1. Taking amide hydrogens as modeled 1.01 Å from N in the peptide plane, which residues meet the under 5 Å criterion relative to Phe30, leaving out close sequence neighbours?
2. Excluding Phe47 itself, what net charge comes from residues whose Cβ is under 11 Å from its Cβ, given Lys and Arg +1 and Asp and Glu -1?
3. Hey, with R₀ at 35 Å, roughly what FRET efficiency would Arg46 and Ser84 work out to, going by the Cβ-Cβ distance, to 0.05?
4. Under the rule of at least 5 residues apart or a separate chain, name every residue whose amide H is placed under 5 Å from the amide H of Leu107.
5. Of all DSSP beta bridges located in the chain, what percent are antiparallel, nearest 5?
6. Per DSSP H run of n ≥ 4, the term is -39500 (n - 2.57); total these for the chain, divide by its residue number, and report the mean residue ellipticity at 222 nm rounded to 500 deg cm²/dmol.
7. Which ordering of Lys91, Lys119, Lys17 is given by a fewest-first count of other beta-carbon atoms within 10 Å?
8. So, with +1 on the Cβ of K and R and -1 on the Cβ of D and E, and no other charges, what is the size of the charge dipole of the chain about its Cα centre, to the nearest 20 debye?
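Readers should treat all values here as calculations from the given coordinates under stated rules, not as data from a laboratory. Everything numeric here is computed off the predicted structure, so don't read it as measured data. Reconstructed Cβ throughout: ideal geometry from the backbone, glycine too, with neighbour counts over all protein chains shown.
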Amino acid sequence: MNQRNLHNLLDKFQTGKLSILVLDSNKELFRSSLSGIKPLLELVDRFPQGLEGATVADRIVGACAARIFVHLKVTKVLGETGSSTAEKILKTAGTDFLFQETVPEILNRAGTDTCPFEKLSTQYQNPKDLIHAIRAKLAELQD
């Protein structure tokens, strides 16, 4: 993706008030305005074959999101905010990424502790186990 297309993607992402946007060869594959982990699970469900060659723009990229993007074989990840752990995961996998801001960790909505899904990503490094654990945690939080 050239610089002009990269800027167009970021503009489209930010002006659309999206939480996540997925493009492949400048064709939009997926978009969501939902916050939290739900758009990532929807990506897993809608693209079980993966997203090889795709670029993902996401508001917040923590370790949990990074593991899912690697699992889906995303080619490039753009994040408004990314964690240092997400950087390590993406670098290790050879996934190209760019974060506007890097933070030590992703916090929960109240800002009082580490995000519960980030905690899961340290317990479950295998993406399939992590996705299963995310679904279970989400069901628990909704009850």
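1. Val22
2. -2
3. With a Förster radius of 35 Å, E is 0.75.
4. Residues meeting the criterion, in which the H sits 1.01 Å from N, are Cys115.
5. Counting only bridges with both partners in the chain, antiparallel ones make up about 45 percent.
6. -13500 deg cm²/dmol
7. Lys17, Lys91, Lys119
8. The calculation lands at about 220 debye.
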